[in-house]
1. For the chain, find the longest principal axis of its Cα atoms and tell me its angle to the long axis of helix 43-56, 0 to 90°, nearest 10.
2. Just want the ordering: Lys119, Lys15, Lys23, from fewest to most Cβ atoms lying within 10 Å of their own Cβ.
3. For the chain, modelled as a GNM with alpha-carbon contacts under 10 angstrom, which of Tyr112, Tyr58, Tyr43 fluctuates the most?
4. Considering amide H positions built from the backbone, and no H for Pro or chain starts, which residues 5 or more places from Cys67, or on another chain, come under 5 Å of its amide H?
5. Roughly how tilted is helix 134-151, in degrees to the nearest 10 and between 0 and 90, from the longest Cα axis of the chain?
6. Return, ordered by residue number, the residues of segment 85-100 whose backbone nitrogen is under 13 Å from a label point located 7 Å along Cα→Cβ of Val123.
7. Could I have the simple spin-label model distance between Glu52 and Ala13, label points 7 Å from Cα toward Cβ, reported in nm to one decimal?
8. Pairs of lysines 8 or more apart, or on different chains, with alpha carbons under 16 Å: count those in segment 36-140, would you?
Amino acid sequence: MLIYIGADHRGYAIKEYLKVFLKEGGYTVSDVGDLQLDENDDYTDFASKVAERVSVDYDRSKGILVCGSGAGMTITANKYPNVRAGVALTPDQAYDLRNDDDVNILGIGANYTSPEQAKKIVVTWLQTPFAREARFRRRLEKLSQIEMKINRPEFGGTPYEHNSND
């Protein structure tokens, strides 16, 4: 399995730690950046790179994103088709992300997670299969229908428009 990994400056140290750990564990890892510590980088750039790749190759790849809270990167990743990104702060939460929701991009909040805890989260997430229970499959199908409706207006939806006057 190919794992795409990306982080902004706040997640850079944990990304580097996880990258070494994953490679030593026999995983193929593609680091999409940031490739150096840059206090002025933007999480959206790296989340987009990971999500683009997983979106296209969702059957054979997964992604890991690390930023301060994990939220900004997972929000960005979830804009892409075939991506289900979620943040895990504990191994138990990582288990639920995979088991229940078949999450294919893991978000980690570096501000709240030590490198060792991040490793435990990643191991749990990678080793947990999707349960494939009827209720979980039904919910994922509903998510796919929502995605199709919103992203493909010709199927009955309209693109979301944000009113900046709110």
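Just so it is clear, none of the values below were taken in a lab; they were calculated from the coordinates. Since the structure is predicted, the reported quantities are computational estimates derived from the model, not experimental observations. Virtual Cβ from ideal backbone geometry, glycine too; neighbours counted across all protein chains shown.
1. Once rounded, the angle reads 70 degrees.
2. Going from sparsest to densest Cβ surroundings: Lys23, Lys119, Lys15.
3. Tyr112
4. The answer is Ile108, Ala110.
5. 70
6. Only 91-92 pass the distance filter.
7. Roughly 3.0 nm, to one decimal.
8. Within segment 36-140, the lysine pair count is 4.
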